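Reviewing the structure listed below.
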């Protein structure tokens, strides 16, 4: 059955070959190129006005000021986001957008999705900010229609854009060396080298090493309060990241190629329960991928984007009862292979009308050393059709995504799954030139059960149905710009939304309590409000000030079982109220940055009872930077104090977070 889709899959690649062989260059007088590369300047948290869907973005410079170690830390400053942090530098970190679940978040690295077919979770803690140019969060999907089919396939998306080399006239090299040290035995050197090979081709090489002992004091919560001080152990981590890239320009287009390698060894600090403060289990990870992109405008009305990727992921988990008698011996090895091909075609019959047809193919293979493992193979074919209508004050976009999934296990063929899901996005500027923009979107999407959900030994359930989400959003943005006043810019944005999650996959015990299985039981309804205010000040010739406040209200209710006494309760770890604030002041060569994060009361279980109640927590971070011009480059030193008030808190119950800690950063670039 899958063979009948092969011709459809190959069509865009055949068109690419035909276009390359028969397309003559356009004359310079015909019309302006539809693809133009310009430097982008993004202010922290500002809504990018060309977007017609809620979007939040942090640029590279702003990311450095936040005192964040990795991408997960930076995402805490976005509205509508919940981060699960399992404690310390080496703990697992996952993201949840608007309470729809971690598996409904697509994470894209330089335009190509990061995958994990085994459990559907991408650990954002392994992506450093040292080489990151921008982190962008979209609710629903990215509003550009010229994109791969994968980009239409998530309820929310995070785009990680690494640094692309830019050279001024006469420049051939850029070098940036960074060293970070501080609490918990932190040693974190990094090096970035960019080189211009020719007028059209440049390269970059980035390498980073991270070591931390992961040891920090915390106060353990007893029934009568926090009264026991202990040391967090087995949270050490060693990690090495190396990535290289080639960047080329062609007539009316570009191409990019990247190789990424990451290896780490870490301890699992584990949960603090029943006065057990330390664990001995270990994990080793190796992640490799090579990916490339090619984009070209062959005609004023026709453009092509091709992506390809191969990824290999290895995970080794070891629990040894000789070191910890409470553990059962486990020595598991997992091997994942992924092949991904994509072709997207854009047609522009009129300046106000744009069409996109894209087809993606993905192959996932999972091997393990487990007993009775079924060695699943998954082939996924996605086809998307999208259109955009752009008028003077009104934009409308619509898309349809067809998904076909074919699974095979050792000698067995599972039932194929096909789904067609739509999305509609609209934006309206009621008063031209006023800065007011109204927006709305509707989207229905689904996620396939992961390979663990379906096939994990003694746990998986091959009869699972996909989870579905339905999203509704109404929002507005108003921007003012002022002259001859200290206040230069003021931007206010707000969105109200309603989401549904159907067929939610949950784990339930079988007749044997030690064996669980996955079933479709859950139904969740989420109602929420995201709001943000951004200001920019110019207080004299050399003094600038930027401030931003985000706020989120969410009522995420579990309507799974009408007979349950907890029917309609708040789902676990979703606070009713949360928010953040950032203030950045710059005076000549000095920078001062203060950031504040607040997470309100919530529950650790669907049973909203006092025993599962989680106290609100907040953190304050402060950093001070000074820059010097030392030929041939610039030197910058930064001192950070995180958790300034030594707040004792847990993002996830029984996983205590660090108290006050320090970091010193020295960076030299030329």
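The values are calculated or read from the model by the stated rules, or taken from the named source; none is laboratory data. As the structure is a prediction and not an experimental result, all values here were calculated from the model. Neighbour counts are summed over all protein chains in view; Cβ atoms, including those assigned to glycine, are modelled from backbone coordinates with ideal geometry.
Observations, loosely collected:
- Hey, residue 419 assigned to a strand (DSSP E or B) and under 30 Å from residue 370 (Cα atoms) or not: no
- Filtered by the rule that a residue be assigned to a strand (DSSP E or B) and closer than 25 Å to residue 235 by Cβ, the stretch 161-188 gives 178, 179, 180, 181, 182, 186, 187, 188.
- Scanning the stretch 63-101 for residues that are outside any loop (DSSP other than H, G, I, E, B), more than 25 Å from residue 278 (Cα to Cα), out of contact with any helix residue (DSSP H, G or I) (no Cβ under 6 Å at 6 or more places or on another chain) and modelled with pLDDT under 85 returns 64, 65, 82.
- Restricting attention to the stretch 520-572, the residues being at pLDDT below 90 and at positive phi number 1.
- Neighbours by Cβ (under 6 Å, 6+ apart or cross-chain): first from the stretch 308-331, free of Cβ contacts under 8 Å to residues at least 40 places away in the same chain; second surrounded by 11 or more Cβ atoms within 10 Å (Cβ to Cβ) and not in a strand (DSSP E or B): 319/281; 319/327; 321/327; 329/321
- One residue from 635, 622, 645, 630 being farther than 21 Å from residue 552 by Cβ, surrounded by fewer than 18 Cβ atoms within 10 Å (Cβ to Cβ) and within 27 Å of the chain's Cα centre (by Cα): 622
- Boolean, residue 394 is surrounded by fewer than 21 Cβ atoms within 10 Å (Cβ to Cβ), more than 25 Å from residue 518 (Cβ to Cβ) and either in contact with a helix residue (DSSP H, G or I) (Cβ under 7 Å, 6 or more places away or on another chain) or modelled with pLDDT of 90 or more (or both): yes
- Test: residue in the stretch 358-366 that is without any contact (Cβ under 8 Å) to a residue 40 or more places away in the chain and touching a strand residue (DSSP E or B) at 6+ places or on another chain (Cβ under 6 Å): yes
Matching residues to (1) touching a residue at least 24 places away in the same chain (Cβ under 8 Å); (2) within 24 Å of residue 81 (Cα to Cα); (3) out of contact with any helix residue (DSSP H, G or I) (no Cβ under 7 Å at 6 or more places or on another chain); (4) in a strand (DSSP E or B):
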| site | (1), (2), (3), (4) |
| --- | --- |
| 574 | yes, yes, yes, no |
| 578 | yes, yes, yes, yes |
| 583 | yes, yes, yes, yes |
| 597 | yes, yes, yes, yes |
| 620 | yes, yes, yes, yes |
| 623 | yes, yes, no, yes |
| 626 | yes, no, yes, yes |
| 637 | yes, no, yes, yes |
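- Residue that is in contact with a helix residue (DSSP H, G or I) (Cβ under 7 Å, 6 or more places away or on another chain), crowded, with 19+ Cβ neighbours inside 10 Å and in contact (Cβ under 8 Å) with a residue 24 or more places away in the chain, where the choices are 427, 399: 399
- Of all residues in the stretch 110-134, those satisfying the criterion of being part of a strand (DSSP E or B) and surrounded by fewer than 21 Cβ atoms within 10 Å (Cβ to Cβ) are 128, 133, 134.
- In the stretch 305-320, the condition of being more than 27 Å from the chain's Cα centre (by Cα), closer than 30 Å to residue 145 by Cα and buried (at least 20 other Cβ atoms within 10 Å of the Cβ) is met by no residue.
- Taken over the stretch 450-466, residues that are over 20 Å from the mean Cα position of the chain (by Cα) and either part of a loop (DSSP other than H, G, I, E, B) or at pLDDT 90 or above (or both) amount to 11.
- Restricting 349, 376 to those that are farther than 30 Å from residue 465 by Cα and either surrounded by 14 or more Cβ atoms within 10 Å (Cβ to Cβ) or in contact (Cβ under 8 Å) with a residue 40 or more places away in the chain (or both) reduces the list to 349.
- Criterion (crowded, with 19+ Cβ neighbours inside 10 Å and either touching a helix residue (DSSP H, G or I) at 6+ places or on another chain (Cβ under 6 Å) or in a strand (DSSP E or B) (or both)) met by exactly one of 191, 137: 137
- If the condition is being within 30 Å of residue 636 (Cα to Cα) and either in contact with a helix residue (DSSP H, G or I) (Cβ under 9 Å, 6 or more places away or on another chain) or in contact (Cβ under 8 Å) with a residue 60 or more places away in the chain (or both), then the stretch 545-572 contributes 546, 548, 550.
- Restricting the first member to the stretch 145-171 and to residues that are at positive phi, and the second to residues that are surrounded by fewer than 20 Cβ atoms within 10 Å (Cβ to Cβ) and part of a loop (DSSP other than H, G, I, E, B), no beta-carbon pair is closer than 7 Å while six or more apart or on different chains.
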